[in-house]
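Contents: one structure, followed by commentary.
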Amino acid sequence: MGKTSKDKRDIYYRQAKEEGWRARSAFKLMHIDEEFKIFEDVQRAVDLCAAPGSWSQVLSRKLFESRLTDDEKLAVKILAVDLQAMAPIRGVTQLQGDITKESTAEAIIKHFDEDGNQKVQLVVCDGAPDVTGVHEMDEYMQNQLIVSALSIATFVLEPGGKFVAKIFKGRANTLLESQMLTFFQHCEIFKPKSSRPSSIEAFVVCTGFSLPAGYIPQIINPARDDIRELAGKTGSEINRKLLPFIACGDLNGGCDESKMTKMGNFSAEAYSIAYDTMKADLEFPDEFMEEMENMFNGLINGN
């Protein structure tokens, strides 16, 4: 589908064309860097849900092409991950896969593990599911994508590392911030000036990564996994307490109360609205109905 006249009038759309960026979203990452200095002291980075590649282009130009010597360039390692193949980008290695699948997560981990437990300093994710138009459901599905990205980040980020991901602004954002504060010293929700005012998108920017004492990283997909069963597989009491909170916002297992100061009023109401709307939508795909129904029933009933 071609770009509308509104797109073509957009200053960042035109500037992206002039400067050779694959999408105007490149400016969002650059504006995030202007505000938070996320590229500072970064040599190794992962771009999740990377296609069409504009964020990987930014990483290449800022981290790889800016290096002056060949030795400095060799020290830079950038991995771009997406279901779709992309045209090559200098200094960027591509991995084709779905970040919600365990095999893809393991491949990302292995890519950085093979050099002797080498970790990355930055993980970014500009991915989003296909929107349904039901805001509560879209927000929920987006947050589950963030959980998948975060679970990968817990494996590959070094202490003090940074994490940036797209979110949909809504009532669950305070919960999301609290979930992120489980792993990061600082978390802020930021809307860059290049993000259209009419868009519900924003970005969660987290710095100061640190695994809670006793927590063992696990690959999480809330739509696929029995979270309580998954948490028990490690034998870690911390995982049993934290994983249901991180994946579903369930506080019954307990969590670090010192990191819950930003917690807002959040209940299953948003999930109930999305669930009821889904059932009433005659155009909702039949092949997803049963899976989504089971998932929402579990969330609403607290199972």
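Collect the residues in the range 118-140 that are surrounded by fewer than 20 Cβ atoms within 10 Å (Cβ to Cβ) and assigned to a helix (DSSP H, G or I), keeping them in residue-number order.
Hits for the range 118-140 are His135, Asp138.
Between Lys73, Lys110, Lys62, which is over 17 Å from the mean Cα position of the chain (by Cα) and under 16 Å from Leu157 (Cβ atoms)?
After ruling out the rest, the residue left standing is Lys110.
Restricting to the range 156-182, give me the number of residues that are surrounded by 23 or more Cβ atoms within 10 Å (Cβ to Cβ) and hydroxyl-bearing (Ser, Thr, Tyr).
Number of matching residues: 1.
Could you please let me know if Ala231 is aliphatic (A, V, I, L, M), at pLDDT 85 or above, buried (at least 20 other Cβ atoms within 10 Å of the Cβ) and in the same structural domain as Val134 (by TED's automatic domain parsing)?
It is true that Ala231 is aliphatic (A, V, I, L, M), at pLDDT 85 or above, buried (at least 20 other Cβ atoms within 10 Å of the Cβ) and in the same structural domain as Val134 (by TED's automatic domain parsing).
Can you list residue pairs whose Cβ atoms sit under 7 Å apart, with the first residue in the range 170-195 being touching a residue at least 40 places away in the same chain (Cβ under 8 Å) and closer than 19 Å to Asp138 by Cα and the second being buried (at least 21 other Cβ atoms within 10 Å of the Cβ) and among the polar types (S, T, N, Q)? Count only pairs 6 or more apart in sequence or on different chains.
Taking only residues 6 or more apart or on different chains, the pairs are Ala172/Asn143.
Select from the range 195-204 the residues that are surrounded by fewer than 20 Cβ atoms within 10 Å (Cβ to Cβ) and not in a strand (DSSP E or B) and list them in ascending order.
The answer is Arg196, Pro197, Ser198, Ser199, Ile200.
Is it true that some residue in the range 23-31 is of a type in the set (D, E, K, R) and either over 17 Å from Phe163 (Cα atoms) or not in a strand (DSSP E or B) (or both)?
Looking for residues that are of a type in the set (D, E, K, R) and either over 17 Å from Phe163 (Cα atoms) or not in a strand (DSSP E or B) (or both), one finds at least one in the range 23-31, hence yes.
Within the range 35-89, restricting attention to residues that are among the basic types (Lys, Arg) and in contact (Cβ under 8 Å) with a residue 40 or more places away in the chain, which residue is farthest from Gln121 (Cα to Cα)?
Taking the candidates together, the pick is Lys77.
Within the range 172-185, is there a residue that is over 22 Å from Glu35 (Cα atoms), charged (D, E, K, R) and either touching an Asp or Glu at 6+ places or on another chain (Cβ under 6 Å) or in the same structural domain as Ser198 (by TED's automatic domain parsing) (or both)?
No, every residue in the range 172-185 fails to be over 22 Å from Glu35 (Cα atoms), charged (D, E, K, R) and either touching an Asp or Glu at 6+ places or on another chain (Cβ under 6 Å) or in the same structural domain as Ser198 (by TED's automatic domain parsing) (or both).
In the list Thr154, Thr132, which residue meets the criterion of being hydroxyl-bearing (Ser, Thr, Tyr) and within 13 Å of the chain's Cα centre (by Cα)?
Only one candidate qualifies: Thr154.
What number of residues within the range 205-244 are of a type outside the set (Asp, Glu) and in a loop (DSSP other than H, G, I, E, B)?
Qualifying residue count for the region: 19.
Looking at Ala85, Ala50, which is the one that is surrounded by 15 or more Cβ atoms within 10 Å (Cβ to Cβ), of a type in the set (Gly, Ala, Ser) and under 21 Å from Ala128 (Cβ atoms)?
Residue meeting the stated conditions: Ala50.
Does Ala153 count as buried (at least 21 other Cβ atoms within 10 Å of the Cβ) and either under 24 Å from Tyr215 (Cβ atoms) or in contact with a Pro (Cβ under 9 Å, 6 or more places away or on another chain) (or both)?
When the stated conditions are applied, Ala153 passes them.
Residues that are small (Gly, Ala, Ser) and modelled with pLDDT of 90 or more: list the helices (runs of 4 or more DSSP H) wholly contained in the range 53-117 that include at least 2 such residues.
Once the helices (runs of 4 or more DSSP H) in the range 53-117 are filtered for at least 2 residues that are small (Gly, Ala, Ser) and modelled with pLDDT of 90 or more, what remains is 54-59.
The values are calculated or read from the model by the stated rules, or taken from the named source; none is laboratory data. Note that the structure is predicted; figures quoted are calculated from it, not measured. Reconstructed Cβ throughout: ideal geometry from the backbone, glycine too, with neighbour counts over all protein chains shown.
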